[in-house]
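**Student:** I'd like to ask some things about the structure below.
FYI, it's all coordinate maths here, none of it is from the lab. Predicted model, so just to flag it, every value in this text is computed and none were measured. Cβ sites come from the backbone with ideal geometry, for glycine too, and all protein chains shown count toward neighbours.
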Amino acid sequence: MEKNLAFKELLAIAVGGMVGGGIFTILGIAVAMVGVLAPFAIAFGGVIAFFAAYSYVKLGVYYKDEGATYAFFKRTYPQSHLAASFIGWYTIFGYISTLALYAYTFASYSLSSFDIGHSVWLQKSLAVGIIWLFTAINLWSVKGMGKLEDIMVYSKLLILLVISLALGYYGETDFSTFFETMHVDFQHTTMLSLMIVSSVTFVAYEGFQLVINAVNEMEMPEKNIPKAIYSAIFLVALFYFIIAMGAVLAIPTQELIANKEDALAAGAYNIMGVWGKNFVILGAVLATSSAISGTMFGSSRQMARIAEDGYLPHKLSKRKNHIPTYAIVAMSLTATCLVLIGGLELILEFGSITFLLVSLLMSIANFHIRDKTNASSLFTLISMFGLFVGTVLILYYEFQTKPEQLLFIVLLYFLLSLGAWSYAKIQKAS
């Protein structure tokens, strides 16, 4: 197989998968919970991401399997059909839910400057359109997708950096006032709240593992897997901190809380005018576009790998020129259904919990074969503890603030478990 993806393309895939709609939606929620301490709590989410990444890197270099999450667990516990099927179904549906959310966020921001932009069905139509546009691109060419991802990712990072600097420049809050406010918020904020924000923020870091899905198309995986993943997490954490800091310096806290999902756009409009708002919208459009492309690329290959082993319909494993065409189309169809039926916020919460839980399972698998992966026993145990605490905290947050969403998530897990159990039973019998 031709090796089309070098470090630059792999870094773009990882950053593109992480910097999607997350930073545009979590900021208002984080400020509502911990005030101007939000930038620090969001950046600390990168520490949780690093805990998760450690085991992914070790397992990725050892197995060199594009099935990534699913394949690592299956090959570590080869006798358990049930474990392989369950983790495969959960992971794929988590990716599909984020794919749908990125598309919906793209549509919402794209139409936000128009009077008809609040039309729900217009937003859904555009969201479906962008899904299928990137479906066509991913079906077209691996190399073409990689080059386009380069352009989108590095452009959006530049735009987001300019936005954060502009917010800091135009903002009326000086650092002396900011530190006074931070001192007050610190006195009234519990460590539990800060940790909850960091755990909820994990969904904004999800996507680094997409690099491993491209192992068959990358140069020097032993070197590029750890280099791309760790570099991407550091870069994204730094950008999130800069953007969040610029926002809390420039935009009044109550305004950030009130606007939430489009806090950056609304705040930019109030202090910089139309050009500021449009610049934020451009950043959001690029961010969600690259996230759609990167997520579709990596997760479709994982879906094909699961189908090859019989835990999804075998048709999804078929490839054309090494591209998993049926898996890409199936993901797009499912994401389209999620967009059309609504409830994306509920599914996003399911996705954030799923990726924390799956990352915990990856740490357990890495610890199980730590002698083979050359992993540190101490650091792997620390990672397991950190991811377990993060999972518990986000469940606690859901129970305290949105118990109806927690009930929906439980129901969704039941349905997915039923499907996974059915395919595991078929494989065991065959």
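**Student:** From the gyration tensor of the Cα coordinates in region 326-385, what semi-axes in whole Å does the equivalent ellipsoid have, largest first, with each one equal to sqrt(5λ)?
**Tutor:** On the way: eigenvalues 239, 47, 6 Å².
The equivalent ellipsoid of region 326-385 has semi-axes of 35, 15, 5 Å.
**Student:** Then there is this: Suppose every Lys and Arg Cβ carries +1 and every Asp and Glu Cβ carries -1, with no other charges. What dipole size does the chain come out with about its Cα centre, to the nearest 20 debye? Walk me through the numbers on the way to the answer.
**Tutor:** On the way: 25 positive and 25 negative charges, 326 e Å.
The calculation lands at about 1560 debye.
**Student:** Summing Lys, Arg as +1 and Asp, Glu as -1, what charge do residues with Cβ under 12 Å from the Cβ of ILE92 carry, ILE92 excluded? Each step should come with its number before you reach the end.
**Tutor:** Values: positive: ARG301, ARG305; negative: none.
So the surrounding residues net to +2.
**Student:** Continuing with this model, one more query. What number comes out for the charge environment of ALA424, summing +1 per Lys or Arg and -1 per Asp or Glu over other residues with Cβ under 14 Å away? Show your work: numbers first, answer last.
**Tutor:** On the way: positive: LYS74, LYS425, LYS428; negative: ASP309.
Residues close to ALA424 contribute a combined charge of +2.
**Student:** What number comes out for the charge environment of VAL410, summing +1 per Lys or Arg and -1 per Asp or Glu over other residues with Cβ under 12 Å away? Numbers along the way, then the final one.
**Tutor:** Numbers: positive: none; negative: GLU349, GLU398, GLU404.
Net charge around VAL410: -3.
**Student:** Need one number: convex hull volume per residue for region 1-97, Cα atoms only, in Å³.
**Tutor:** On the way: hull volume 14.2 nm³, N = 97.
Spelled out: Cα convex hull of region 1-97, divided by residues, is 147 Å³.
**Student:** Test of the criteria: in region 1-103, which GluC sites (Glu not before Pro) are in a DSSP loop and have at most 16 other Cβ atoms within 10 angstrom of their Cβ?
**Tutor:** Details: sites: GLU2, GLU9, GLU66; in loops: GLU2, GLU66.
Counting only loop positions with at most 16 other Cβ atoms within 10 Å, the GluC sites (Glu not before Pro) in region 1-103 are GLU2.
**Student:** Any of LYS8/LYS223; LYS64/LYS156; LYS8/LYS227; LYS8/LYS277; LYS8/LYS156 with alpha carbons more than 20 Å apart? Name them for me.
**Tutor:** Check vs 20 Å cut-off fails for LYS64/LYS156; LYS8/LYS277.
**Student:** For region 17-67, what is the convex hull volume of its Cα atoms per residue in Å³?
**Tutor:** Convex hull volume per residue, Cα atoms: 87 Å³.
**Student:** By its C-alpha gyration tensor, with a ≥ b ≥ c as the square roots of the eigenvalues, how is region 246-392 shaped: rounded for a/c under 1.5, else prolate for a/b larger than b/c, else oblate?
**Tutor:** Working: a/c = 2.47, a/b = 1.38, b/c = 1.78.
Verdict is oblate for region 246-392.
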